[in-house]
Amino acid sequence: MRVALYGWNQHEIGPARLEKVRLWNSMTSPTYNERTLDLFHHNPETRVIVASVAFGLGMNIRIITDSINLGIPDTVEALVQQNGRAGRDLEMDAHGWTYIESAVVLSVQEDLDEGAVVGFEDGVLPKKKKARSKGRSRRVVEAKMKRFIAAHLQGRCIVAELNVILGNPGVDARLSCEAAGRRLPCSSCQPFWNNPAPAPMPQGYVVPVTPPSASSRTPRPLTKKQRAHAHAHFTYFAEKRTLVKDTARSRYAPTAEFWAGTELDLILDNMHLLNVKEGLNAMLSKWQYLADDGNMLHLLINGLNAQYDALIYKRRPPKLDG
Ligand SMILES: [Zn+2]
C-alpha cells in the first residue's frame, strides 16, 4: 500500500492517478482487478501494478516489461517465478529487478567474509555467529537463495549461477552472459547495474529520471536568474531548430522567426507548470512549430525544470516516505 501511495504521489492530484498506478492484492475486488487488467492493456498511462504474489497466477499477460521484487521471496524458485511475470512476449525486452533487504545482504556477506563456503547447506546459523551479531537480527536465508546472493555480491554471473542452482540444461547455461551471448546481460555481467562495485556507465546509456512527486513539488515561477538561464536555452534551441527549416526569414533572424509571437514569454511565465506535454500543447496551440518542435521543446522544458527543482531539493530534501 505504501508503494502504491508513493506511486500515486508521483502524479498530479486527481482521480486519473488512481488509474495510472493500480493495486492487486487479497483486498482488491474481482471487479477492480478486471478494470486493472483492462486499463493495463488499453490505457498507455497505466504502467504500474503494485501487486502481492497473488498477481499473475494463471494469467498470461504478455505486455509486462519489468517485474520488480521488493525484498526476496523465500526461495530461488519463487524469485524466478516472480520475475517470470515479465517478458512473456519474447519479442520484447524485459527486466527482473530485486531489491534485497540489507539484513539479508549483510548475513550473506558475513558468511563470505568468514570464508564460509556458500554452498547448498541450509542457512541456519551457528550459535557463535549469533553472539557476534550483537542482537542485530540476522535473517536466515535459504541455502540456494544464499548462493544466488553470494554470486551477486562476488560479481559472478547470476544467470549462470541460477542455471547451476536450478540444474538448467544447455551447453551455454553455465557461461557468463557475454560468453553465452545473452542479449540482455545480468547485473553482474553488466556491472554498472551492480551496487557493490559500480563500473563506469556505458556511453549512451540513459539514466531513468524519477520526476519529483507531484505533491511535494510546489510549482514556483522562475527566479530572475533562472528566467535568464532558460531564455538563453530557448534562444539556442530556436537557432538549432531553425537551421533545419531553412526559410528566408530563419536564415537571417532565427530566434525572431522561431519565437515570433508571445510564445516564449508564455513559456517563461508558466515554465513551472509545464511538466505535462498536454499542458504545453494547450498553451501553444496556435504556435506554428508545435507539430514539428513541440516534443523537443517539451523535453527541454522538463530538463530545465528538473535542474531548477534539483537546486530547490538540495536545500530542502523532499519527504519521500509515503
Ligand atoms: Zn551474467
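Rule-based calculations on the coordinates, nothing more; no lab input. Quick caveat, the model's predicted, so the values are computed rather than measured. Cβ coordinates were reconstructed from backbone atoms using ideal geometry, including for glycine residues, and neighbour counts include every protein chain displayed.
Database remark: amide H of I49 closer than 5 angstrom to the amide H of R22 (H placed geometrically; neighbours at sequence offset of 5 or more, or on other chains; Pro and chain starts carry no H). Near G96, the amide H atoms lying under 5 Å from its own belong to S67; only residues 5 or more places off or on other chains count, and H is placed 1.01 Å from N.
In the structure displayed, which of K20/K277; K240/K286; K240/K277; K224/K286 lie more than 23 Å apart, Cα to Cα? Listed pairs above 23 Å: K224/K286. Entry note, the range 213-315: relative contact order of 28 percent, from Cα contacts under 8 Å with a spacing of 6+ residues.
Peptides 152-159, 50-57 ranked from most to least packed give 152-159, 50-57, packing being the mean of other C-beta atoms within 10 angstrom over each peptide's residues.
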